[in-house]
Amino acid sequence: MLLTIDIGNTSIAFGIFQGKKLKSAWKISTQEILSGTYPKKRMCPHLDIDSAIISSVVPKATPIIKKMITKQHKIRPIVLGENIKAPIKNLYRNPKQVGQDRLVDAVAVKELYGCPAIIIDFGTAITFDVISKKGEYLGGLIFPGIETSLNALSEKAALLPKIKVAPPKGLIGRDTVDSMRSGVFFGIGALCDGLVAKFATKYGPMKVIATGGHASVMAKFAKSIDIVNPNLTLQGLRIISES
């Protein structure tokens, strides 16, 4: 079986594939790995892993995960950007600046849904990635994610509290907490719809695929989203491992 690992700023996603089928998927805290507080025996309980592939945007966490996988499964994981490159034409001015997870998502969308397409990843940061009709990675946009935005409000405004991420009760908040939630969720939803419209004007109609931890809930606020695939990066890693 194949073990796919996506190391992100907030969490690390794991997926076990048997052929093209995702058998199981789970997440652990990135901070727990960096601090050494996560129980290593619980990281990957599956014993029948014969290969592994890693995508990472947290350089300090990568060698820790590699070492743990090698020790537990007696295999050496392939690391995207070190051992192999994502099989997609990258038109960034400096291709090395693109996060590996963004290229992996582009590969997955190109294979699973076709082009042209827009990928919206709702994570610590919200990223837009655009794939051309020819299947090229054109570039994208980066702005603060939902949790990042809410935390920034509480840290920078003395009278605004730190709150949990949860959908608002309605468009207009009736108290401070719900006003913050309405602002972030409806605001980001409108931002996404507006940007998709701008892309459509410039490049023509494009399929919109959402992924990341908040993708499912944001699909209710961004009407331009066509497909939600929370495991897009894991599936992209599986596709790359087979190429």
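The values are calculated or read from the model by the stated rules, or taken from the named source; none is laboratory data. Given the structure is predicted, the values throughout are model-derived calculations rather than measurements. Backbone-built Cβ (ideal geometry, glycine too); neighbour counts: all protein chains shown. Surface accessibility is based on the protein's heavy atoms, side chains included, excluding ligands, DNA and RNA. Shrake-Rupley method; radii C 1.70, N 1.55, O 1.52, S 1.80 Å.
What's the extension gain from Ser51 to Gln18 if we count 0.36 nm per residue and subtract their Cα-Cα distance? Write down the numbers at each step before the final one.
Details: separation 33, 0.36 × 33 = 11.88 nm, distance 1.11 nm.
Between Ser51 and Gln18, full extension yields 10.8 nm more.
Calculate, for Glu82 and Phe143, the FRET efficiency according to 1/(1 + (r/R0)^6) with r their C-beta to C-beta distance and R0 30 Å; round to the nearest 0.05.
Numbers: r = 28 Å, r/R0 = 0.95.
That pair, Glu82 with Phe143, gives E of 0.60.
Which distance in nm do the two modelled labels at Ser216 and Lys134 give, with both placed 7 Å along the Cα-to-Cβ direction?
Output for this residue pair reads 3.9 nm.
What whole-number value in Å² describes the accessible area per residue of the chain for a 1.4 Å probe?
52
Taking 0.36 nm per residue of separation and subtracting the Cα-Cα distance, what length does fully extending Thr70 through Leu91 add? Don't jump to the answer; show the numbers that get you there.
Details: separation 21, 0.36 × 21 = 7.56 nm, distance 3.41 nm.
In short, 4.1 nm is gained.
Multiply the residue gap between Thr10 and Leu112 by 0.36 nm, knock off their C-alpha separation, and tell me the result in nm, one decimal place. Can you show the working numbers first?
Details: separation 102, 0.36 × 102 = 36.72 nm, distance 2.62 nm.
Roughly 34.1 nm would be gained on extension.
For region 156-201 and region 106-135, compute the distance between their C-alpha centroids and round to whole Å.
If we compute the Cα centre of each part, the gap is 24 Å.
Could you state the orientation-averaged shadow area of the convex hull built on the Cα atoms of region 165-243, in nm² to one decimal?
Working: hull surface 25.3 nm².
For the Cα atoms of region 165-243, the hull's average projected area reads 6.3 nm².
Estimate the FRET efficiency between Ala157 and Ala200 by the formula 1/(1 + (r/R0)^6), using the beta-carbon distance for r and 41 Å for R0, to the nearest 0.05.
Numbers: r = 35 Å, r/R0 = 0.86.
Plugging the Cβ-Cβ distance into 1/(1 + (r/R0)^6) gives 0.70.
Is the chain rounded, prolate or oblate when judged by the Cα gyration tensor, a ≥ b ≥ c being the square roots of its eigenvalues, rounded requiring a/c under 1.5 and prolate requiring a/b larger than b/c?
Details: a/c = 2.03, a/b = 1.27, b/c = 1.61.
Oblate is the answer for the chain, as a/c is 1.5 or above yet b/c matches or exceeds a/b.
Name the shape class, rounded, prolate or oblate, that the alpha-carbon gyration tensor gives for region 44-87, where a ≥ b ≥ c are the square roots of its eigenvalues, rounded holds for a/c under 1.5, and otherwise prolate holds if a/b is larger than b/c and oblate otherwise. Don't skip to the end; give the middle numbers.
On the way: a/c = 2.36, a/b = 1.45, b/c = 1.62.
Since a/c reaches 1.5 but b/c is at least a/b, the shape of region 44-87 is classed as oblate.
Past 18 Å, Cα to Cα: identify those pairs from Lys85/Lys110; Lys133/Lys202; Lys27/Lys74; Lys20/Lys110; Lys27/Lys96; Lys198/Lys223, in the order given. It would help to have the intermediate numbers written out before the result.
Working: Lys85/Lys110 16 Å; Lys133/Lys202 13 Å; Lys27/Lys74 22 Å; Lys20/Lys110 16 Å; Lys27/Lys96 26 Å; Lys198/Lys223 15 Å.
With Cα atoms farther than 18 Å apart: Lys27/Lys74; Lys27/Lys96.
Taking all protein chains as present, what is the carbon and sulfur share of the accessible area of the chain, in % to the nearest whole number, probe 1.4 Å? Intermediate values should be presented prior to the final figure.
Details: 6950 of 12700 Å².
Taking all protein chains in place, the chain shows 55 percent carbon and sulfur surface.
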